[in-house]
Amino acid sequence: MFHLLLLSLDKHPIEKIYKLCGQMADLSLYESSTIEQAAFVVKQKEIHCILLVPDVAFSEAKRFLTMLRRLPQHQYTPVIVLSGEYAHLLQLYPKWNRCEFFLLPFHKEREAAFLQLLHFYQNISTRLSKSVRKNLQLHTPQGVAIVPYDDILFIEIVLKKTILHTKDRTLAVALPLYKVRNAIECETMVQTHRSFIVNLHNISFLDKSKNPWELSFFQSAEHAYVSRHYKQDFLHAISAEHADSLR
């Protein structure tokens, strides 16, 4: 899904923008009319591209762009500025990287060019999302934590903090477990307990004699657990070959 934010700081009609965006498949559109609303969206949601209709003085638009580029996850997020003022074009260059400018109102050629650019950014985000699935990316209040899935043994919640146990370290993040679970894009990462998510590829032993079941991992003396509620889902997730090796 391509996530697009429309920030309109002007009273310029935006119905045409909505209509053009509606021609795209697999698109989710967020709308904001203030800097504060937009700041909340870009910090809480995964946004791939931003449509910015600036205020007449361009001062609020500058404030938003400054805030945006200070966020590590949005240093290079493409911004398309849609304005009826040629003077706004001069405000963009050379300071604001990854910004495009479209003069309003639209005519046929501009509509086609605008859609072409949106499709271009959508294709880029699709390719990038496939590559970043090798890593778990967590946007925390302290910054962006990036951990390769292959390195993760298991994840647990302890005293309202989520702990990532990897092959060579532990990493604590100030996020609830459900937010970490929602960020995971890896089939081998499976929840086995209300407090645990494990990486099936790094399990070395399953001890069914204990209640709850106890999981051991390669290169670690730590353990995770499989509760009764998650047993069937866990057994279904692991392959028959893997299950046979865990006795």
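The values are calculated or read from the model by the stated rules, or taken from the named source; none is laboratory data. Nothing here was measured: the structure is a model prediction, and the numbers come from that model. So basically every Cβ, Gly included, is an ideal-geometry build from the backbone, and we count neighbours across all protein chains shown.
Among the residues of segment 180-189, is any in contact with a Ser or Thr (Cβ under 6 Å, 6 or more places away or on another chain) and of a type in the set (D, E, K, R)? The answer is no, given that none of the residues of segment 180-189 is in contact with a Ser or Thr (Cβ under 6 Å, 6 or more places away or on another chain) and of a type in the set (D, E, K, R). Condition check: surrounded by fewer than 17 Cβ atoms within 10 Å (Cβ to Cβ), at pLDDT 95 or above and more than 28 Å from GLU46 (Cα to Cα). Does GLU222 satisfy that? So GLU222 does not fit the description; no.
Among the residues of segment 42-63, is there at least one that is in a loop (DSSP other than H, G, I, E, B), of a type in the set (Ser, Thr, Tyr) and free of Cβ contacts under 8 Å to residues at least 12 places away in the same chain? No: zero hits.
Looking at segment 154-193, which of the residues that are of a type outside the set (S, T, N, Q) and closer than 13 Å to PHE234 by Cα is surrounded by the fewest Cβ atoms within 10 Å (Cβ to Cβ)? Among those residues, the one meeting the criterion is GLU187. Scan segment 109-120 and give yes if some residue there is touching a residue at least 24 places away in the same chain (Cβ under 8 Å), more than 27 Å from the chain's Cα centre (by Cα) and farther than 28 Å from GLN142 by Cα, otherwise no. Checking segment 109-120: at least one residue is touching a residue at least 24 places away in the same chain (Cβ under 8 Å), more than 27 Å from the chain's Cα centre (by Cα) and farther than 28 Å from GLN142 by Cα. Just one of the listed residues (ASP26, ASP55) is closer than 22 Å to MET1 by Cα, out of contact with any Ser or Thr (no Cβ under 8 Å at 6 or more places or on another chain), not aliphatic (A, V, I, L, M) and not assigned by TED's automatic domain parsing to the domain that holds VAL144, namely ASP26. Taken over segment 194-219, the criterion of being surrounded by 14 or more Cβ atoms within 10 Å (Cβ to Cβ) and not in a strand (DSSP E or B) is satisfied by SER195, LEU200, HIS201, ASN202, PRO212.
Yes or no, residue by residue, for (1) loosely packed, with under 15 Cβ neighbours inside 10 Å; (2) under 18 Å from HIS12 (Cβ atoms):
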position: PHE58; (1), (2): no, yes
position: LEU68; (1), (2): no, no
position: TYR76; (1), (2): yes, no
position: HIS88; (1), (2): no, yes
position: THR126; (1), (2): yes, no
position: LYS134; (1), (2): yes, no
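The selection criterion, being of a type in the set (Lys, Arg) and part of a loop (DSSP other than H, G, I, E, B), holds for LYS95. Just one of the listed residues (ALA145, ALA172) is under 28 Å from PRO72 (Cβ atoms), part of a strand (DSSP E or B) and in contact with a Lys or Arg (Cβ under 6 Å, 6 or more places away or on another chain), and it is ALA172.
Here is the figure for segment 1-35: residues that are over 24 Å from the mean Cα position of the chain (by Cα) and buried (at least 19 other Cβ atoms within 10 Å of the Cβ) total 3.
Do we have any residue at all in segment 149-162 that's over 28 Å from PHE40 (Cβ atoms), in a helix (DSSP H, G or I), assigned by TED's automatic domain parsing to the domain that holds LEU71 and not basic (Lys, Arg)? So far as segment 149-162 goes, no, none of its residues is over 28 Å from PHE40 (Cβ atoms), in a helix (DSSP H, G or I), assigned by TED's automatic domain parsing to the domain that holds LEU71 and not basic (Lys, Arg). Of everything in segment 9-52 that is farther than 20 Å from ARG98 by Cβ and in contact with a Pro (Cβ under 9 Å, 6 or more places away or on another chain), the residue that is modelled with the highest pLDDT is LYS16. Report, by residue number, each residue of segment 178-189 that is closer than 23 Å to LYS160 by Cβ and either modelled with pLDDT of 95 or more or part of a loop (DSSP other than H, G, I, E, B) (or both). Selection gives ILE184 alone.
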